[in-house]
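Remarks on the structure that follows.
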Amino acid sequence: MKKIFIVPLLLMLLSACNKKEVAELNFSVRTEKTSYKVGDTVKFILSGNPEQLIFYSGLEGSKYAYKDRTNAESENITLEFATNRRYGSDAQQPQSLKVFASQKFNGQYTEANINESADWVDITSAFTLSGLQTGDATYVSSGVVNLLTLSSLGFTIDKTKPVYFAFKYNAITGFTQPRWWVNKFDIKMTTTDGQLLTVADIGTAGWTSVKFGTSPVAWVFGSDKILKYAGGGTTVLSNQVWAVSNALNLTKVKPDVGTALKNMSSRLDSYTFIYKQAGTYKVTFVGSNVNIYGESKVVKELELTINP
């Protein structure tokens, strides 16, 4: 009979212990004052020693309110790229580089699936391309163009669908074929609440080279993050080659992230940070004690004014 009562008693004791496994968190944070100057060291004084602590500075990309945001609304989605052209001449190789956009491309990176007339819109005229340069280091900005204003060119964006972009190279044999380099390709949005966010850059856009016919030269994107087309001498065969981006969602953004300051094996009584731009910042600290039985979390917010 004793054994019958021992088992329930043990279960009750274990259950009581489990409920106490997560230590209740009593966490607080304060600063010595609420306003500082640009370049000052802001000291955050911490108490409660949470096992985990994350800091959101309030700067762009580190705002607690946007930690779960993956899409944003905007009426100002811009593209800016930069090009460097060397060798060849416009008279012999006219319009050797063009820029296209598409929301009809099927994502199959082959010659047979790139239908220029049916699926792609030539948006070159909205941008500035490099003239002939004497060195590799001179890049010409395309200008910052709002992609939502290209309807006059026949390209009206549906923001619910992905967009593809492409650089089309075209040159004929018998004359020096120009060399084109692209070292910048930035798509940015200004959100309805005034944030400037990066949608894609030359690295994240992704580039696939598609040769037409017997074209011998491919677009190359390397570790230097420059999209390159080598061109060639007078004996090189004619080239029509496209560099086509990945499908890009123009309203997709990265969630804001905080900085992990500590884990349960360390103690932190203060933290310092320097703001390099004037403004009003909502600073957030998220402290938590977590284990397999649950979590105790405290979110503390402070508003700081950073003066010039």
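The values are calculated or read from the model by the stated rules, or taken from the named source; none is laboratory data. Every value quoted in this text rests on a predicted model; they were computed, and no experiment measured them. Cβ atoms come from the backbone with ideal geometry, glycine included; neighbour counts cover every protein chain shown.
Quick rundown of the values:
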{"read-out": "Long-range neighbours under 7 Å by Cβ, at least six apart or interchain, first residue free of Cβ contacts under 8 Å to residues at least 40 places away in the same chain within the stretch 146-172, second surrounded by 14 or more Cβ atoms within 10 Å (Cβ to Cβ) and not charged (D, E, K, R)", "value": "L153/V121; L153/I123; L153/A126; G154/V121"}
{"read-out": "Some residue of the stretch 139-155 being part of a strand (DSSP E or B), surrounded by 15 or more Cβ atoms within 10 Å (Cβ to Cβ) and of a type in the set (F, W, Y)", "value": "no"}
{"read-out": "N239, sole failed condition from (1) buried (at least 20 other Cβ atoms within 10 Å of the Cβ); (2) at pLDDT below 95", "value": "(2)"}
{"read-out": "Hits in the stretch 248-269 - residues which are among the hydroxyl-bearing types (S, T, Y), surrounded by 11 or more Cβ atoms within 10 Å (Cβ to Cβ) and over 17 Å from K297 (Cα atoms)", "value": "T251"}
{"read-out": "The lone exception for F273 - which of (1) outside any loop (DSSP other than H, G, I, E, B); (2) in the same structural domain as Y139 (by TED's automatic domain parsing); (3) more than 30 Å from Q92 (Cβ to Cβ) it fails", "value": "(2)"}
{"read-out": "Top-ranked residue of the stretch 173-215 - restricted to ones that are among the small types (G, A, S) and free of Cβ contacts under 8 Å to residues at least 60 places away in the same chain, ranked as farthest from T110 (Cα to Cα)", "value": "G194"}
{"read-out": "Selection within the stretch 222-254 - touching a residue at least 60 places away in the same chain (Cβ under 8 Å), over 30 Å from K159 (Cα atoms) and either assigned to a loop (DSSP other than H, G, I, E, B) or aromatic (F, W, Y) (or both)", "value": "Y229, G231, T234, T235, V236, L237, S238"}
{"read-out": "Residue in the stretch 48-59 that is small (G, A, S), at pLDDT below 95 and under 14 Å from L197 (Cα atoms) present", "value": "no"}
{"read-out": "Out of A218, A278, sole residue that is farther than 26 Å from E60 by Cα and either among the small types (G, A, S) or in the same structural domain as D40 (by TED's automatic domain parsing) (or both)", "value": "A218"}
{"read-out": "Strands (runs of 3 or more DSSP E) completely within the stretch 35-106 that count 1 or more residues being outside the structural domain of Y281 (by TED's automatic domain parsing) and under 30 Å from the mean Cα position of the chain (by Cα)", "value": "74-86, 97-102"}
{"read-out": "Residue, farthest from Q103 (Cα to Cα), within the stretch 255-270, restricted to residues that are of a type in the set (A, V, I, L, M, F, W, C) and assigned to a strand (DSSP E or B)", "value": "L261"}
{"read-out": "The lone exception for K168 - which of (1) assigned to a loop (DSSP other than H, G, I, E, B); (2) under 18 Å from F105 (Cβ atoms) it fails", "value": "(1)"}
{"read-out": "Selection status of T208, at pLDDT 95 or above, in a strand (DSSP E or B), out of contact with any His (no Cβ under 9 Å at 6 or more places or on another chain) and of a type outside the set (F, W, Y)", "value": "yes"}
{"read-out": "Leading residue by the ranking (nearest to T83 (Cα to Cα)) among those in the stretch 171-188 that are of a type in the set (V, I, T) and part of a strand (DSSP E or B)", "value": "V182"}
{"read-out": "The stretch 165-184, residues that are surrounded by fewer than 23 Cβ atoms within 10 Å (Cβ to Cβ) and under 18 Å from the mean Cα position of the chain (by Cα)", "value": "N183, K184"}
{"read-out": "Check on Y64, hydroxyl-bearing (S, T, Y) and surrounded by 19 or more Cβ atoms within 10 Å (Cβ to Cβ)", "value": "yes"}
{"read-out": "Hits in the stretch 72-98 - residues which are in contact with a strand residue (DSSP E or B) (Cβ under 6 Å, 6 or more places away or on another chain) and over 22 Å from T234 (Cβ atoms)", "value": "A72, S74, N76, I77, T78, L79, E80, F81, A82, T83, K98"}
{"read-out": "Scan of the stretch 278-302 for residues that are acidic (D, E) and under 27 Å from the mean Cα position of the chain (by Cα), ordered by number", "value": "E301"}
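Quick grid of which residues meet (1) over 27 Å from K211 (Cβ atoms); (2) touching a Leu at 6+ places or on another chain (Cβ under 8 Å); (3) of a type in the set (D, E):
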site: S62; (1), (2), (3): yes, no, no
site: A82; (1), (2), (3): no, no, no
site: R86; (1), (2), (3): no, yes, no
site: A118; (1), (2), (3): no, no, no
site: S130; (1), (2), (3): no, no, no
